[in-house]
Amino acid sequence: MFGKLLKNDLKIQFHGMYVLLFIVLVITAVAELAALFAKLGNWQNAGLIRAIGGTLAWVVLLFACFVIVGAVGVSFSKTVFGRSGYLTLTLPVKTSSLVRSKTLSGLIWVWLVYVAFLTSLFLWMMEMQDVIGEGTISAAGGVLQALGLPSFRMLGYSIGGLLVYLLAFVFLLVQCLYFGITLANVRPFSKLGGFGAVLYFLIVFGILTGVAQAFGRMLPIGFVGTESGLVFTSDVALSAAGAGVVVVRRTMDIVFEIVFAVLLHFPMTYLINKKVNVA
């Protein structure tokens, strides 16, 4: 039964965002193909075309990362608290199963777009390294620093940890978004309407991510990367003080974000089951 729920939720969400996905797919495909043909055909100004094509692709996907979160939130609000919520909440399944299905379906769409963005950004950085060389690339290190990646040399070490962190981050993000929407449909919190949903989401997400990071600092377990390899350590701060450490990734932040995301399922299910008035 859960499989049928998930399949139906994926279809419903796709119908609500297929225009966005199609536009993103077309723009990124055209940009990447232009860069590829410029490289293979040795066109005039091929380097510029490759740079513009790769940049356009990841910029469009970055924009899609923000839009897709709003899209799954709107879908959740309509199918649970809108008119179709009457049908949704009368299905012969547990409310917890409904919430898990909508959470997983939302995670699938959001995570796919985020991974596509990271992949596009990674390919663009590799393209730029080939086009303009290592010397100029080092001057553009701000992009890497924003992602916690200190250099191209250590990208191989960092990409796996970044993807795992992204999975946890998106999980908590979607759960906080759904919880904020749920809270905005419960009296007396419903007085603020749609603005309340955004406000509650930001408050809950800010608190939980802050607590997860605080716990992560208290339990500084993680990985450090050096030229000689990747090492697991129980004190990343102490290990990072050593010479040659170029990658530092705490893992307990990730663990606590996943724990908080899982725990949010229970109050959200209770509120939907006992306190919500479907409009």
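Quick note: the coordinates plus some simple rules give every number you see, no bench work behind them. Quantities reported herein were computed from a predicted structural model and do not represent experimental measurements. All Cβ positions, even for glycine, are placed from backbone atoms using ideal geometry, and neighbour counts span all protein chains on display.
Things to note:
- Rounded FRET efficiency, nearest 0.05, which uses the C-beta distance separating Val255 from Leu123 and R0 of 41 Å: 0.85
- In this label model, Phe195 and His15 are separated by 3.3 nm, measuring between points 7 Å along each Cα→Cβ vector.
- Computed lengthening from Ile23 to Cys65, 0.36 nm per intervening residue step minus Cα-Cα distance: 13.8 nm
- Listed by chain and number, the lysines whose C-alpha is less than 27 Å from the C-alpha of Lys274, apart from same-chain residues fewer than 8 away, are Lys4, Lys7, Lys78, Lys94, Lys102, Lys191.
- Net +/- balance of residues flanking Val186 in space, Cβ distance below 12 Å, scoring K and R +1, D and E -1: +4
- Separation in nanometres of the label points that stand 7 Å from Cα toward Cβ, at Val115 and Ile203: 3.5 nm
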